Amino acid sequence: MKIIRFRDHQGRELLGALRDDGKAEVLADSPLGQGAQVGEVCEIAKLLAPIEPAAILAIGLNYRHHAEESGAKIPEYPILFVKTPNTLQHPGDPIYLPTALKSDEVDYECELAVVIGQTCKNVKREEALDYVLGYTCANDVSARDWQVKKGGSQWCRGKSFDTFCPLGPAIVTTDEIPNPNNLTIKTILNGVEVQSWNTNDMIFDVPTLIEFLSGSTTLHAGTVILTGTPHGVGMAHKPPLWLKLGDIVSIEIESIGTLTNPVLNEA
């Protein structure tokens, strides 16, 4: 099943299952008494991020080739950082380049996002996928100057500007993706493929990440885990390939779909 959040032509924000005809079947009663009924078929006026995450946990340097292009050692444990709720952005809506707290080094990162479906803690690796609702595309947009040079050795400042975590277009449930670590993953910038690899290159696979992140820590249902990016990020290009005004950036993941966002300057 492909689960989406969307706005219909009546302005109602709904949760639905995407149908083959491009319409959506409502999965749950609409909040705020907006009147949609379970099973109602609606046209999609606007696609929204498929979830408002309970938390966004992100993993750095989790692809072997990306670690190599960054000149970093293979980590012994997953490298965890967080992205704040304000980073969430919908499919089709702009990624804003920071201008008040200015960045001239904004980068793209295609990532497989894991959506936790059941609250869990201290999960064993072999049971980890039982707690997953499904998977979606993410762009871990990163201001490298604030991440590397001006962030006081912490990554969160450079990772947590508004709109720096587009998600979508849908959450594809685990019955359709039994193995999340064998998917082609790409970034396409202005029609040019700049990242293209496979999730089988992860240093720590999805079950291992869930085991690690749930250790002595509650993962609430709705938590989103960004699992790292493959090689080909903008900062590794010579010269660096930073996002700029007018760019169109798309994240494509096999069996999930395409997440596309334009790039604009912050107003």
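Here are some notes:
- Positions within segment 245-267 being open to solvent by less than 30 Å² (accessible area, probe 1.4 Å) and in a loop (DSSP other than H, G, I, E, B), in sequence order: D247, I256
- Pairs meeting the criteria (first residue in segment 136-159 and in contact (Cβ under 8 Å) with a residue 24 or more places away in the chain, second residue in a loop (DSSP other than H, G, I, E, B) and β-branched (V, I, T), beta carbons under 6 Å, at least 6 apart or on different chains) are C137/I256.
- Flag if L15 is outside any helix (DSSP H, G or I) and open to solvent by less than 50 Å² (accessible area, probe 1.4 Å): no
- So H220, is it closer than 15 Å to T187 by Cα and more than 16 Å from the chain's Cα centre (by Cα): no
- Filter result for the condition that a residue is surrounded by 19 or more Cβ atoms within 10 Å (Cβ to Cβ), more than 21 Å from A55 (Cβ to Cβ) and either modelled with pLDDT of 95 or more or polar (S, T, N, Q) (or both), over I185, I171, I116: I185
- Every pair of residues 6+ apart whose Cβ atoms lie under 9 Å, when the first sits in segment 39-56 and is at negative phi and open to solvent by 50 Å² or more (accessible area, probe 1.4 Å) while the second is of a type in the set (S, T, N, Q) and outside any loop (DSSP other than H, G, I, E, B): A54/T223
- Qualifying residue in segment 23-40 (condition: at pLDDT 95 or above, out of contact with any Cys (no Cβ under 7 Å at 6 or more places or on another chain) and over 21 Å from V115 (Cβ atoms)): no
- Looking only at segment 62-81, residues that are assigned to a loop (DSSP other than H, G, I, E, B) and open to solvent by less than 30 Å² (accessible area, probe 1.4 Å) come to 3 in all.
- Where V192 falls short, out of the listed (1) out of contact with any helix residue (DSSP H, G or I) (no Cβ under 9 Å at 6 or more places or on another chain); (2) open to solvent by less than 50 Å² (accessible area, probe 1.4 Å); (3) hydrophobic (A, V, I, L, M, F, W, C): (2)
- Qualifying residue in segment 83-106 (condition: outside any strand (DSSP E or B) and among the aliphatic types (A, V, I, L, M)): yes
- Of all residues in segment 82-113, those being of a type in the set (S, T, N, Q) and crowded, with 19+ Cβ neighbours inside 10 Å number 3.
- K121 vs. criteria out of contact with any Ser or Thr (no Cβ under 6 Å at 6 or more places or on another chain), more than 19 Å from P169 (Cα to Cα) and of a type in the set (K, R): no
- Test: residue in segment 134-145 that is open to solvent by 50 Å² or more (accessible area, probe 1.4 Å) and over 15 Å from M235 (Cβ atoms): no
The values are calculated or read from the model by the stated rules, or taken from the named source; none is laboratory data. Given the structure is predicted, the values throughout are model-derived calculations rather than measurements. Backbone-built Cβ (ideal geometry, glycine too); neighbour counts: all protein chains shown. What goes into the accessible areas is simple: the full protein's heavy atoms, side chains included, and nothing from ligands, DNA or RNA. Shrake-Rupley method; radii C 1.70, N 1.55, O 1.52, S 1.80 Å.
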